[in-house]
1. Please state which of the following conditions PHE343 fails to meet, knowing it meets all the rest: (1) more than 27 Å from TYR274 (Cβ to Cβ); (2) part of a helix (DSSP H, G or I).
2. Listed residues ALA316, ALA293, ALA322; which is in a strand (DSSP E or B) and over 34 Å from the mean Cα position of the chain (by Cα)?
3. Evaluate region 335-358: report whether one residue or more is on the phi > 0 side of the Ramachandran plot and touching a Lys or Arg at 6+ places or on another chain (Cβ under 7 Å).
4. Give me the residue from region 140-176 that is at pLDDT 90 or above, farther than 28 Å from TYR318 by Cβ and part of a loop (DSSP other than H, G, I, E, B) and, out of that set, farthest from the ligand (Cβ to nearest atom).
5. Would a scan of region 77-84 turn up a residue that is more than 50 Å from the chain's Cα centre (by Cα), surrounded by 13 or more Cβ atoms within 10 Å (Cβ to Cβ) and in the same structural domain as GLU25 (by TED's automatic domain parsing)?
6. Take region 177-202 and flag every residue that is away from the ligand (no atom under 12 Å from the Cβ), under 24 Å from the mean Cα position of the chain (by Cα) and in a strand (DSSP E or B).
7. Could you tell me how many of the residues in region 203-251 are within 30 Å of LEU191 (Cα to Cα), within 16 Å of the ligand (Cβ to nearest atom), in contact (Cβ under 8 Å) with a residue 60 or more places away in the chain and in a loop (DSSP other than H, G, I, E, B)?
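The values are calculated or read from the model by the stated rules, or taken from the named source; none is laboratory data. As the structure is a prediction and not an experimental result, all values here were calculated from the model. Every residue, glycine among them, receives a Cβ derived from its backbone with ideal geometry; neighbour counts consider all protein chains shown.
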Amino acid sequence: MTDITSQTKAALSAIAAAESLEALETLRLETLGKKGWVSLALKTLGGMSSEERTAAAPAIQSSRASIADALESRKAALEAAALDAQLARETIDLTLPAMAAPRGSVHPVSQVMDELAEIFADLGFSVATGPEIEDDWHNFTALNMDETHPARAMHDTFYFPDKTDASDGKSGEREILLRTHTSPVQIRSMLAQGAPIRLIAPGRVYRSDSDATHTPMFHQVEGLVVGKDIHLGHLKWTLETFFKAFFEREDISLRLRPSYFPFTEPSVEVDVGYSNQGGRRVVGGHGDAPGHAWMELGGSGMINTRVLEFAGLDPAEYQGFAFGLGIDRIAMLKYGMNDLRAFFDGDGRWLAHYGFSPFDQPTLSAGVGARA
Ligand code: DAH
């Protein structure tokens, strides 16, 4: 009896002094574990006569209960101490200067898209989007490029193996593809909203093409204006006004060169005058002046009447203009990069150099291209 009492006392003080959860577990095994002395003592009760058992049992039972309680409370105390230590270790010092931490930046493409939205919003344009996985009706047919049109072959299109049924009640299967330009958003927007309409549609487009100025994925912005008395003069004014605001200089000269697109008639290509200064292309001045040249930035024209019909509008009532510009190209011109592929490498050093502060929201009042 005294044996159990003193053994229990020794165990309780060892438990109270245990410094770690591992040490506590060792003590549990030595006492209440299968081969622990308390368990073995309990087992001896089975072989006793009933008087012996009545005399011996209470001491063993109470030893087991007090040791179990002590183990549990010491465990809780050790766990609480471990949590406190962890919390103390993992404190975040909110007073540390933010510069010490690595910072993200706004990609030039995102920045330019925000600049576009800001400038065109001021001219009364809304921003529209469309799916990057398109069908060939929206990407080609409705833009006046039927199955046999040679321009389809010029687009280096990525096709999916599957086909889809026309979702809008028109008959026939459609090819599924990655849109090769943002022009299908014209069709989707006119079908959904009717006319008059005035929007831009920036976004990703895809072509199987790759070198220093071409990547398989790149960005375009589409412009679309449809109304009752829209003419080529509106197109020229809109592009000029946009480029002056975008490049933040007045001496922008645009050249509209006769061209061909299936979805516009007449069609023009849009060139902007630039000069080479210290190996860098700088927009401004007349492209025919000494030391200056023209750079092509996109296509545009008056919307082909066939396209208006495909989009559900009556060409006798409505006409309009459209344009498509390469966002990456105008970003390279404005911010001085010379290799398009670096846009999509995700290199932190490039992003730190060419990226923008998230605090640098483009606004017309503060300047659409303000740099941190
Ligand atoms: N979609 C043409 C392309 O990707 C660009 C384009 C040209 C868009 C003329 C237009 C346009 O809206 O009117 O090459």
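1. Checking PHE343 against (1) more than 27 Å from TYR274 (Cβ to Cβ); (2) part of a helix (DSSP H, G or I), the one that fails is (1).
2. Only one candidate passes the filter, namely ALA293.
3. Taking every residue of region 335-358 in turn, at least one turns out to be on the phi > 0 side of the Ramachandran plot and touching a Lys or Arg at 6+ places or on another chain (Cβ under 7 Å).
4. Checked region 140-176; the qualifying residue farthest from the ligand (Cβ to nearest atom) is PHE158.
5. Checked against the condition, which is being more than 50 Å from the chain's Cα centre (by Cα), surrounded by 13 or more Cβ atoms within 10 Å (Cβ to Cβ) and in the same structural domain as GLU25 (by TED's automatic domain parsing), region 77-84 yields no hits at all.
6. Once the filter is applied, which keeps residues that are away from the ligand (no atom under 12 Å from the Cβ), under 24 Å from the mean Cα position of the chain (by Cα) and in a strand (DSSP E or B), region 177-202 yields LEU177, LEU178, PRO202.
7. 2
Condition check ((1) among the β-branched types (Val, Ile, Thr); (2) touching a Leu at 6+ places or on another chain (Cβ under 9 Å); (3) at pLDDT below 95) across all residues:
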| residue | (1), (2), (3) |
| --- | --- |
| GLY299 | no, yes, no |
| ILE303 | yes, yes, no |
| TYR318 | no, yes, no |
| ARG329 | no, yes, yes |
| GLY336 | no, no, yes |
| ASP339 | no, no, yes |
| PHE343 | no, no, yes |
